[in-house]
Amino acid sequence: MDRLICGNTSAAFAPDSALSSFVVRGHEIMGAWQGSKGPCSGMTMWPVVGLVSASSKFIYDGQVFEPGKHGYLRGKPLAVEKRSDSQMIFSHDHDPATQAGVYPFANQITIDHVLGADAVLTTVSAANKSSVPLRFGAGLHPAFVWGADENGDHGDSRVTLSESLPQGTKIYRTVDGKVQEDAREDNAFEGGAMHLKAENFVNDAYFVVLPEEHCGKEVKLVFSCPHNAFDLEVTLTGWDGFGIWSKPNAASTFLCIEPLAGVALIDKEQGDTPRLAEIKGLRSLAPAAMFKASMNMRPIFKSSSE
């Protein structure tokens, strides 16, 4: 892992561009879950968020493609375009001719991490290099420390929004990465906050999708836990919404706050492997156009001595 250092703040990244360590004033901000290949603190989701269909496959131009759960960047070492004391830029070029059966559109994605005083800003930029519109989903998947007492109780933990969710917001309950139109819990942020309990995540995650006219606008939220030394302020710009996820019960030592764009909605009537044009929720990117969105993370310490 390469580590950036800026004063009393440092950060490290996995080879696939994920933020794996974020230390401020001696406190580790990142958490981790146990993945199939060991502890994982996050990933960049591209060109899909979760599963694009029930089978994780789709049909385009008569061919079957399978980008995988959360896309093809997960666990893939990416090229390092730039490294300085306070910045790390990763990139990946996708050529469907050399990576057959994965995704039919040529594209380039960059993940730009900038370290500042007590904060890290991550910006995702993706360019359509193909001659036709590119349909996609994108997101980040960082895991943060979620403290608890000796009995595993997180106390009064919550995610609080700076502004109430706009009318028309949909909150989906995902099941193993699948997002279905009829699996909703639209009152999960009633009163502008989600009260977090480990048992909330037995069925997987919550995906908050804003109405179209609010997509791309800035969203601010704060994750607070009485057993953490800090509250975490998160600012999202350019996304369609965000996800909240952890593991249930004793495994809930972390909380993921996941900015999302282009969330695929699975329609049971379309079958397990639908045509790409039939899949609802995905974003579309014109030839030569670029998608850009960012996530800023800043801990706010509870004690003035920190």
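Coordinate-derived values only; no laboratory data. Values in this document were obtained by computation on a predicted structure and should not be read as measured data. Reconstructed Cβ throughout: ideal geometry from the backbone, glycine too, with neighbour counts over all protein chains shown.
Take a quick pass over segment 1-153 and tell me how many lysine pairs come in under 25 angstrom between Cα atoms, counting only ones 8 or more apart or on separate chains.
Close lysine pairs under the 25 Å cut-off: 9.
Taking 0.36 nm per intervening residue step and subtracting the Cα-Cα distance, what contour gain separates residue 69 from residue 54 on full extension? Working shown, then result.
Details: separation 15, 0.36 × 15 = 5.40 nm, distance 1.07 nm.
Roughly 4.3 nm would be gained on extension.
May I ask for the distance between the Cα centers of segment 106-169 and segment 1-72, given as a whole number of Å?
Using only Cα atoms to place each centre, the spacing works out to 10 Å.
Let me check against my output: what whole-number percent is the relative contact order of segment 1-44, with C-alpha pairs under 8 Å and at least 6 apart? Let's see the in-between values first.
Details: 73 pairs, mean separation 12.6, N = 44.
Taking the mean separation of contacting Cα pairs over the length of segment 1-44, I get 29 percent.
Treat each spin label as a single point 7 Å out from the Cα along the C-beta direction, and report the residue 251 to residue 301 distance in nm.
Each label point lies 7 Å from its Cα, and together they span 3.4 nm.
Excluding same-chain residues fewer than 8 positions from residue 220, which lysines have a Cα within less than 20 Å of its Cα?
Cross-link targets: 170, 292, 302.
With charges set only on the Cβ (+1 for Lys and Arg, -1 for Asp and Glu), what does the dipole of the chain come to about its Cα centre, in debye to the nearest 20? Don't jump to the answer; show the numbers that get you there.
Working: 27 positive and 36 negative charges, 125 e Å.
That gives the chain a dipole magnitude of about 600 debye.
Counting only C-alpha contacts under 8 Å and six or more residues apart, can you give the relative contact order of segment 163-306 as a whole percent? Please report the intermediate quantities before stating the final value.
On the way: 251 pairs, mean separation 33.5, N = 144.
Rounded, it is 23 percent for segment 163-306.
For the ranges 172-178, 251-257, what's the packing order if you count other beta-carbon atoms within 10 Å of each residue, average per peptide, and put the highest first? Walk me through the numbers on the way to the answer.
Details: 172-178: 18.0, 251-257: 20.4.
Final packing ranking: 251-257, 172-178.
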